[in-house]
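Down below is the structure, laid out as structure tokens.
The values are calculated or read from the model by the stated rules, or taken from the named source; none is laboratory data. For clarity, every value in this text was computed on a predicted model and none was experimentally measured. Every residue, glycine among them, receives a Cβ derived from its backbone with ideal geometry; neighbour counts consider all protein chains shown. Note: areas computed on protein heavy atoms with side chains; ligands, DNA, RNA excluded. Shrake-Rupley method; radii C 1.70, N 1.55, O 1.52, S 1.80 Å.
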Amino acid sequence: MSAVQQVLPWRHVLASSRPISWINTAYPFLVACLLAGDVPALTMVVGTLFFLVPYNLLMYGLNDVWDYESDIHNPRKGGVHGVVLERSLHRTTVIAAVGSSAPFIAALVALGSLPATAVLAVSVFAVVAYSAPLLRFKERPGLDSVTSAMHFVSPAVYAVALSGIELDAVVLAALFAFFAWSMASHAFGAVQDVLADRAGGIASIATWAGAAATVRIAVGLYVAAGVMLAVWGGAWAPLAVLLVPYLVSTAPYLNVSDTDAQRATAGWRLFLWLNPVVGFLVTQYFLWVAPGALAR
């Protein structure tokens, strides 16, 4: 076997971790650490590296292994929507996901406090339970969106636990707003797959509630996130305006029918482009307008 042939399988395994999403889990952890303060530099570095790649390989790589049978029939699979991981790579992916995560988790347990370790345990459990056989939280309507939100919010909660700052109204408003935004985003993303999921016998919040109702749930959660920030967010309150682009991108599908649900894919693609722009604006706000907003 040539060197190129040996490298290519690992490229596919790495691709299963959704590189486009790496920043979505590492960023909340790192920003929360920096804003909260009192997180040792070593813990911050180890945590950021963990949430950047191993965490995503554990989340998405195992998902691609356990969802193989449905993925091969999903026309959206490929590129940013995830790879179809060949059976020959399943064992390698599991080993890579568990093997790359275990040392980081062990190090974070050693470096962190008991409350922080409890948050980390819940975070890792949610990542595995989302797609693991028997548990399959991704196929339990409502719980699927809650668990998906935990994937992205729990790194920030973990950073807050590491810092030991007080969980006052401002901190809770910021975390709950982030949670509502994450639930809304997951729910809206499920709309485009209503027909495919029903055909494959896969349950989701969208197959249960229907396409239009799920979009309305997503819009309601985006509004709730904005209200929480505007009313209780303190220095975070101006960030509520950044929920508007998500409302604009989602609103055109408020009355989408189940048979035409795939039309929402255009809105989901817009969502993927919105995230880096909004993330940039949030970063600039933290850096120049309200540094130390979390710790006040």
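Structure notes:
- Residue tally, condition over 16 Å from residue 212 (Cα atoms) and free of Cβ contacts under 8 Å to residues at least 40 places away in the same chain, over segment 241-275: 7
- Looking across 144, 168, one residue alone is under 30 Å from residue 107 (Cα atoms) and either free of Cβ contacts under 8 Å to residues at least 12 places away in the same chain or open to solvent by 30 Å² or more (accessible area, probe 1.4 Å) (or both). It is 168.
- Residue check, residue 162 modelled with pLDDT of 95 or more and open to solvent by 50 Å² or more (accessible area, probe 1.4 Å): no
Yes or no, residue by residue, for (1) part of a loop (DSSP other than H, G, I, E, B); (2) touching a residue at least 60 places away in the same chain (Cβ under 8 Å); (3) more than 30 Å from residue 197 (Cα to Cα):
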{"site": "92", "(1), (2), (3)": "no, yes, no"}
{"site": "96", "(1), (2), (3)": "no, yes, no"}
{"site": "103", "(1), (2), (3)": "no, no, yes"}
{"site": "108", "(1), (2), (3)": "no, yes, yes"}
{"site": "119", "(1), (2), (3)": "no, no, yes"}
{"site": "124", "(1), (2), (3)": "no, yes, no"}
{"site": "127", "(1), (2), (3)": "no, yes, no"}
{"site": "131", "(1), (2), (3)": "yes, yes, no"}
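- Every residue from segment 116-134 that is surrounded by fewer than 17 Cβ atoms within 10 Å (Cβ to Cβ) and either in contact with a Gly (Cβ under 7 Å, 6 or more places away or on another chain) or at pLDDT below 95 (or both): 132, 133, 134
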